[in-house]
Amino acid sequence: EFVSKIGDSYSSTKKMVGRRLSAPGEDSTDEEISAFRKAIGSPSDVDGYGNLRPESMPEELWNPADESELKEIALKHNVTPAAVAAMVEFHTGKVVAGAEQSALDQESYLSSEDEALRSAWGDKYDANSSIAERMADTGGLPLDHPAMADADVRKFMLNVSNLIAGDSLVEGRAAAAG
């Protein structure tokens, strides 16, 4: 059987000598499409692309639905698995670099906001931060909410607390509904 397959392959190759390999068109038969895919190394179905998520792509950033769609597009356009893998690796590098840059930008933002408060509040930084956090907590804004990283929000919380300083907020009790 192996020898037979080699003979068939040789015969197919001989038939192609002198003929130009061209992509199948809309009127191509399934057999012509299959032969073209075989000649260029493109799979016959989407399973031929395997798992596309590279190890370097964090799982939480990978979308299996997008992977399925990409495989369908690749198959439709007769893209080889190696070409798809190269494109996915390229894209992954861009996504990972963007996520890393975003994390650096966030870290820089948080540091600059904290420095702005330290500069504005000076030696009252710890006391003012405590009051602003208590105001946020009393008002129902969790301390880990992203807004609490913003210097202006923390200043606002301190200012509101100072405006209602005669109320029970300063002592840490919820104000009576009224």
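Give the residues of region 56-100 that are more than 30 Å from Gly25 (Cα to Cα) and either open to solvent by 90 Å² or more (accessible area, probe 1.4 Å) or touching a strand residue (DSSP E or B) at 6+ places or on another chain (Cβ under 9 Å) (or both), sorted by residue number. The answer is Glu59, Glu60, Lys94, Glu100. Residues that are over 30 Å from Ala23 (Cα atoms) and not in a helix (DSSP H, G or I): does region 104-112 have at least one? No, region 104-112 contains no residue that is over 30 Å from Ala23 (Cα atoms) and not in a helix (DSSP H, G or I). A Cβ distance below 8 Å, combined with a sequence gap of six or more or placement on separate chains, defines the contacts here; from region 71-83, residues that are closer than 19 Å to Ala35 by Cβ reach residues that are open to solvent by 40 Å² or more (accessible area, probe 1.4 Å) and outside any helix (DSSP H, G or I) in the pairs Leu75/Asp45; Asn78/Ala23; Thr80/Gly41; Pro81/Gly41. Residues of region 34-47 that are part of a helix (DSSP H, G or I) and either open to solvent by less than 40 Å² (accessible area, probe 1.4 Å) or basic (Lys, Arg) (or both): Phe36, Arg37, Lys38, Val46. What about Gly98, is it among the small types (Gly, Ala, Ser) and at pLDDT 95 or above? No; evaluated as a whole, the condition is false for this residue.
The values are calculated or read from the model by the stated rules, or taken from the named source; none is laboratory data. These numbers were taken from a predicted model, which means no experiment stands behind them. So basically every Cβ, Gly included, is an ideal-geometry build from the backbone, and we count neighbours across all protein chains shown. Note: accessible area is taken over every heavy atom of the protein model, side chains too, but ligands, DNA and RNA are not part of it. Shrake-Rupley method; radii C 1.70, N 1.55, O 1.52, S 1.80 Å.
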